[in-house]
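All remarks here apply to the structure that follows.
The values are calculated or read from the model by the stated rules, or taken from the named source; none is laboratory data. Nothing here was measured: the structure is a model prediction, and the numbers come from that model. All Cβ positions, even for glycine, are placed from backbone atoms using ideal geometry, and neighbour counts span all protein chains on display.
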Amino acid sequence: MNEPAIQLKQLQKSFGSKEVLRGIDLDLAPGTVLGLLGANGSGKTTLIKCALGLLRPTTGSASVFGEDSWDLSAAAKERLGYVPQEVATYPWMRVRQVIAYTAAFYDKWNQPFVDELCGRWHVPLEDRVGALSTGQLQTVGIVLALGHEPDLLVLDEPVASLDPSARRQFLRTLLEMLDGRERTILFSTHITSDLERVADRVAILADGKLRFHGELDELKERVKRLRITARRELPASFAVPGALRCEVAGVHATVSVADFDQRLVADMRQTWDAEVSVHDLNLEEIFVEMHDGTIC
Amino acid sequence: MAQVNATFEINPTSGVPIYRQIVDQVHALVAGGTLQPGHMLPSVRQVARAAAVNPMTVSKAYSRLEVEGMVQRVRGQGMEVLPPGQNGTLDQRKQQFRETIEPALHRARQLGLNRTHIREVFSSLLQDQPS
């Protein structure tokens, strides 16, 4: 039963001549909460859609619970919940009816849980779906995806339209669902602070490839900013191995490194006769450094 | 068994990993006497709910503390704080101390202090400490 919940192998996807994904390898082990980060247009949604079989990969493969994503069995779909970026449902139905309609497709639908979520999130059950605000619609989408308590939950920018209080409530619900039973979650977001609370792994998508994939803690421990103050002016040849970004001005330098090591600091103290301080970076800062950084 | 209302101040958007924040705060609470041998740490679930963070992260912190010898797992009850002093060999503890003072020595040289000055400061600090 230890097969990956999602597995992508050399996944490549082009739209016409535009190559969006250029060979993605990703294993999502059961019980993992993976946050997918990437700039606008980096291919997050395409990756998610290929992973779930909503788009066909150009080359390479995608599977869910060991089954080819393009040809998932009903049993696999029963264990899968998905909240798309834009929730598409039936505008003429009332919210209560959409929920009942969706419930009918699932053998194991937990109606008490759904009722509780609707109460907690003030879902307007008697309103017609077409009249809902974007945020309300997204909330309904989340309720529909959680109702059968899926083993694998995939959320594409789930909180983009939610206000801060609704976002926090949603995160608490996700965390409660993680407590007690093994569940796998993949979610893409721009809001790095949400990811920092919930995710244990993070994948950063840039230029159609995974720039980083690993533990969030490891990322925070490896990427650091060093502030260097030397006794003498730093030469033009000043360089640091593995630097993401490097700014030199006189005796001062600011360097972001992707693979921090205490020996690096000791080396720099020796080589440049400098005072070196090490600063932690949060996920947002790391993302910006990786995205905008230039090798120096 | 004493249950202490030790709560952690967790900041998810800090550059310090959440598990690290918890480990450091347990060290600080033990050093400051708030947590004493025999006290129980709050449960993983309590901490995760209060701070709205992933319970696995809290478990990871507690496992680290267990490996360090700060706490031990008591079946069905949680994590119990252990008496100090058994954390690592003498060599390991010396090494930790060395890592703490190395940057300070470097700073001293930048301030233009010589070996004699540094020894003087160090001795006077040692004298102020209760033995």
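When region A:56-97 is limited to residues that are touching a Leu at 6+ places or on another chain (Cβ under 7 Å) and among the β-branched types (Val, Ile, Thr), the one that is farthest from A:Cys118 (Cα to Cα) turns out to be A:Val64.
crowded, with 16+ Cβ neighbours inside 10 Å and either without any contact (Cβ under 8 Å) to a residue 40 or more places away in the chain or touching a strand residue (DSSP E or B) at 6+ places or on another chain (Cβ under 8 Å) (or both): does that describe B:Leu113?
Details: crowded, with 16+ Cβ neighbours inside 10 Å: no; either without any contact (Cβ under 8 Å) to a residue 40 or more places away in the chain or touching a strand residue (DSSP E or B) at 6+ places or on another chain (Cβ under 8 Å) (or both): yes.
The answer is no for B:Leu113.
Note on region A:186-209: residues that are within 12 Å of the chain's Cα centre (by Cα) and more than 10 Å from chain B (Cβ to nearest Cβ) total 11.
One residue alone among A:Ala160, A:Ala166 is surrounded by 15 or more Cβ atoms within 10 Å (Cβ to Cβ), among the aliphatic types (A, V, I, L, M), in a loop (DSSP other than H, G, I, E, B) and away from chain B (no Cβ under 12 Å), and that residue is A:Ala160. Among the residues of region A:238-296, those that are over 32 Å from the mean Cα position of the chain (by Cα) and outside any helix (DSSP H, G or I) comprise A:Phe238, A:Ala239, A:Val248, A:Ala249, A:Gly250, A:Val251, A:His252, A:Ala253, A:Asp273, A:Ala274, A:Glu275, A:Val276. What do you reckon, is A:Lys108 surrounded by 18 or more Cβ atoms within 10 Å (Cβ to Cβ) and either not polar (S, T, N, Q) or not assigned by TED's automatic domain parsing to the domain that holds A:Lys209 (or both)? In short, no.
For region B:54-83, give me the residue count where each residue is over 14 Å from the mean Cα position of the chain (by Cα) and at positive phi. Here the count works out to 2. Checking the structure you have, find out if any residue of region A:54-66 is among the aromatic types (Phe, Trp, Tyr), in contact with a strand residue (DSSP E or B) (Cβ under 8 Å, 6 or more places away or on another chain) and farther than 23 Å from A:Glu218 by Cβ. The answer is yes, given that some residue of region A:54-66 is among the aromatic types (Phe, Trp, Tyr), in contact with a strand residue (DSSP E or B) (Cβ under 8 Å, 6 or more places away or on another chain) and farther than 23 Å from A:Glu218 by Cβ.
Just one of A:Ala274, A:Ala266 is aliphatic (A, V, I, L, M) and either away from chain B (no Cβ under 14 Å) or in contact with a strand residue (DSSP E or B) (Cβ under 7 Å, 6 or more places away or on another chain) (or both); which is it? Write out each step before concluding.
Values: A:Ala266 fails: either away from chain B (no Cβ under 14 Å) or in contact with a strand residue (DSSP E or B) (Cβ under 7 Å, 6 or more places away or on another chain) (or both).
Matching residue, one of A:Ala274, A:Ala266: A:Ala274.
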